[in-house]
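Some notes on the structure that comes next.
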């Protein structure tokens, strides 16, 4: 990516993170301008991070590291740089690139209802189609007619075919039919939208595991990606949801939605740190083009700039 394109991406991300950055920088800048530095200052920095929804456990880890890094230098001038280093270190700990290197590839989207799964799947389809890949969408949330219709609307808008089943059908059987169509018609990527009824946790996880087994049986090595969709605007509640979905094996990363318009963007840091999963994409709006590949450096720059 050239410097110009990089500037465009950071500028766009900076705009989308405006509320998060304002909530964070206002208190952080006041702290640095005070000219005071010591344990009390680190305590205030910890409070600033928690208010940005970074999370208690991750904040404690960051503050401890900053304390150690600034102990033998001028702490006042070094604290911002140390903080940036810690954030980039956490956010880049796990590889964020998709594993859909060559067709046929299968990607599953999981997460609670209302978190943005269907829209996020459509954004990925748009992105892949723009890269010259032929995509097939699957409406495997057969328990909500609205979910199937929403994906069908996106399919018509993007000119991407959608496989649907009847209301209440076995999701795995719908995916099986889609796989047969996928293989016989030479598609590159199969993108699977799933149910997210968290209140029926055990049944939901069993359904997701069954869908995954069907995919693996039909295409060895698939699904190559299983992305957990989390709503950034819910802050630490996103973490609670994510822990439930960690009961479902095979998660490969996070698609973080609704970063625009929220002051809780700091949750991205604790999500990566506590879940041990990379953020692979972020959604920054409602249109099919409001999607960015996640970059630890760009995210941190946008948070501070």
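The values are calculated or read from the model by the stated rules, or taken from the named source; none is laboratory data. Treat the numbers as computed from the prediction; the structure is a model and nothing was measured. Using ideal geometry, Cβ is built from the backbone for each residue, glycine included, and neighbour counts are taken over all protein chains shown.
Summary of values
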quantity	calculated
Selection within segment 122-132 - within 11 Å of residue 193 (Cβ to Cβ) and in contact with a helix residue (DSSP H, G or I) (Cβ under 7 Å, 6 or more places away or on another chain)	122, 125
Residue list for segment 251-289, restricted to those being surrounded by fewer than 21 Cβ atoms within 10 Å (Cβ to Cβ), farther than 24 Å from residue 48 by Cα and touching a helix residue (DSSP H, G or I) at 6+ places or on another chain (Cβ under 6 Å)	288
Selection count, segment 248-295, where residues are within 19 Å of residue 57 (Cα to Cα), in a loop (DSSP other than H, G, I, E, B) and touching a strand residue (DSSP E or B) at 6+ places or on another chain (Cβ under 9 Å)	3
Hey, residue 166 part of a loop (DSSP other than H, G, I, E, B), over 25 Å from residue 251 (Cβ atoms) and modelled with pLDDT under 90 or not	yes
Residue count, segment 225-250 (criterion: more than 16 Å from the chain's Cα centre (by Cα) and surrounded by 20 or more Cβ atoms within 10 Å (Cβ to Cβ))	1
Condition check for residue 210: at pLDDT below 90 and in contact with a helix residue (DSSP H, G or I) (Cβ under 6 Å, 6 or more places away or on another chain)	no
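Here is a yes/no grid of residues against (1) surrounded by 15 or more Cβ atoms within 10 Å (Cβ to Cβ); (2) more than 20 Å from residue 176 (Cβ to Cβ):
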position	(1), (2)
99	no, yes
110	yes, no
119	yes, yes
126	yes, yes
130	no, yes
137	yes, no
147	yes, no
